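Visitor: Below you'll find the structure I mean.
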Amino acid sequence: MPLQIANIRYGGTNHIPQTSIELSFALDFLLSLQKMYIGKVHAVYYAPHNTYSYDGTAEFQVSTENNVSLLGGLKMLMKILQTLNIYPVERGLINSYIIDIEAYLKSAYRSDLGYFSQGGMYFPQNQTWHWVKEPFFAVDCQTWTVSVLGANTIDSWFGSGTTLKIWERTKQIAGYKYNERTKDAEGVGFSEDKKDQVFSGEWTFGAINALRVAAAYYTGNAQAKLRQEAELMRNAIERELTIHGSINGRDCPGVLYANKRYFIPFGWWANPVLSTASTGWAVLLDKNYNPMYLGGFYDVN
């Protein structure tokens, strides 16, 4: 987000000062990436070495969602550095990370299951890599990936219409109030959602963003359907998850993180509380701004 802020603050990519704090922050982060990068996997670790977790595995984990989010940020940084024609050495490093993370994402797609894997574990002691045991579905590994890569790239890798199939699979597994007849869902949860029916504000906004990105690529009936579904989910969020709360005595409308307390299988609890994450997504999408692409455009292809 600092690079998005700089792009807005200075009036465009070619006006961002080389000495801006936002650009310095992004460039400094490259030092951390070099420490956390796994050449054999073409990806970066989920967390630094010695990070505490209840099961002791955090420092070995590789997350597809984290890597695709990182990819979006690296592409923003690359765009700025290329436009300003600065930091040629860093541009070379960034480009190598972009190529490698895209290779990781390509390998993460499970054609037999119709979705991107949640991730895996790399153990440096014996240099072994293991994907998570499937099925272990994560909604954001689908929606974030569509938002960053775009439907054109995904379909060019795996075949025409693959992005649409990934979305259909996502609804079938994790759709909130999924309608078997119309193939519509009013939102999404976090993972398998047929029994518990949790409704996530943040992750549903992420799905809406992905649908808008996909709709910028497809045409005709497919495009119309994607836009209709995005509107359906936005209305459901407004109806079921948008409330008024109070912060320091001031009335504050916002969006709940989820519709109920729910243990997310990736290691944390969702709660029905006003959420900066959910509400932040609401502000961005209601302004038609894609936070995963520099400048906020939905046409990322």
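Visitor: Being free of Cβ contacts under 8 Å to residues at least 24 places away in the same chain and either assigned to a helix (DSSP H, G or I) or on the phi < 0 side of the Ramachandran plot (or both) is the filter here, so list the residues in the stretch 188-200 that pass it.
Guide: Of everything in the stretch 188-200, those that are free of Cβ contacts under 8 Å to residues at least 24 places away in the same chain and either assigned to a helix (DSSP H, G or I) or on the phi < 0 side of the Ramachandran plot (or both) turn out to be 193, 194, 195.
Visitor: Filter the stretch 117-157 for residues that are at pLDDT 95 or above, over 10 Å from the mean Cα position of the chain (by Cα) and of a type in the set (Asp, Glu) and give the result.
Guide: 155
Visitor: Right, next: Within the group 97, 46, which residue is assigned to a loop (DSSP other than H, G, I, E, B), touching a residue at least 24 places away in the same chain (Cβ under 8 Å) and either of a type in the set (Phe, Trp, Tyr) or touching a helix residue (DSSP H, G or I) at 6+ places or on another chain (Cβ under 6 Å) (or both)?
Guide: 46
Visitor: Among the strands (runs of 3 or more DSSP E) confined wholly to the stretch 201-293, which include 2 or more residues that are surrounded by 12 or more Cβ atoms within 10 Å (Cβ to Cβ) and among the aliphatic types (A, V, I, L, M)?
Guide: none
Visitor: Sticking with this structure for a sec: Does residue 53 satisfy the condition of being of a type outside the set (Phe, Trp, Tyr), assigned to a loop (DSSP other than H, G, I, E, B) and surrounded by 11 or more Cβ atoms within 10 Å (Cβ to Cβ)?
Guide: yes
Visitor: Let me ask something else about it. In this structure, does residue 107 turn out to be out of contact with any Phe, Trp or Tyr (no Cβ under 7 Å at 6 or more places or on another chain), touching a residue at least 24 places away in the same chain (Cβ under 8 Å), surrounded by fewer than 22 Cβ atoms within 10 Å (Cβ to Cβ) and farther than 30 Å from residue 8 by Cα?
Guide: yes
Visitor: When the stretch 146-171 is examined, which residues are found to be surrounded by fewer than 16 Cβ atoms within 10 Å (Cβ to Cβ) and either of a type in the set (Asp, Glu) or under 21 Å from residue 260 (Cα atoms) (or both)?
Guide: 168
Visitor: What number of residues within the stretch 58-95 satisfy the criterion of being surrounded by fewer than 20 Cβ atoms within 10 Å (Cβ to Cβ), among the hydroxyl-bearing types (Ser, Thr, Tyr) and closer than 21 Å to residue 292 by Cβ?
Guide: Count: 2.
Visitor: With respect to residue 59, is the statement that it is assigned to a helix (DSSP H, G or I), in contact with a Pro (Cβ under 8 Å, 6 or more places away or on another chain) and either hydrophobic (A, V, I, L, M, F, W, C) or within 30 Å of residue 170 (Cα to Cα) (or both) true?
Guide: Details: assigned to a helix (DSSP H, G or I): yes; in contact with a Pro (Cβ under 8 Å, 6 or more places away or on another chain): yes; either hydrophobic (A, V, I, L, M, F, W, C) or within 30 Å of residue 170 (Cα to Cα) (or both): yes.
Taking the combined requirement at face value, the residue satisfies it.
Visitor: Oh, and also: Within the stretch 136-145, is even one residue in contact (Cβ under 8 Å) with a residue 24 or more places away in the chain, acidic (Asp, Glu), crowded, with 18+ Cβ neighbours inside 10 Å and within 22 Å of residue 203 (Cβ to Cβ)?
Guide: yes
Visitor: I'd like to verify a number: residues in the stretch 167-180 that are part of a helix (DSSP H, G or I) and either farther than 14 Å from residue 218 by Cα or out of contact with any helix residue (DSSP H, G or I) (no Cβ under 9 Å at 6 or more places or on another chain) (or both), how many?
Guide: The total comes to 7.
Visitor: Assess whether residue 102 counts as being free of Cβ contacts under 8 Å to residues at least 60 places away in the same chain, acidic (Asp, Glu) and within 22 Å of residue 136 (Cα to Cα).
Guide: Here the answer is yes, as residue 102 does meet what is asked.
Visitor: Okay, moving on. Would you confirm, using the coordinates I've provided, whether residue 83 is of a type in the set (Val, Ile, Thr) and either in contact with an Asp or Glu (Cβ under 6 Å, 6 or more places away or on another chain) or assigned to a helix (DSSP H, G or I) (or both)?
Guide: Details: of a type in the set (Val, Ile, Thr): yes; either in contact with an Asp or Glu (Cβ under 6 Å, 6 or more places away or on another chain) or assigned to a helix (DSSP H, G or I) (or both): yes.
Yes.
Visitor: Which residues, counting only those in the stretch 177-215, are under 18 Å from residue 146 (Cβ atoms) and of a type in the set (Phe, Trp, Tyr)?
Guide: Scanning the stretch 177-215 gives 190, 203, 205.
The values are calculated or read from the model by the stated rules, or taken from the named source; none is laboratory data. As the structure is a prediction and not an experimental result, all values here were calculated from the model. Cβ: placed from backbone, ideal geometry, glycine included. Neighbour counts: every protein chain shown.
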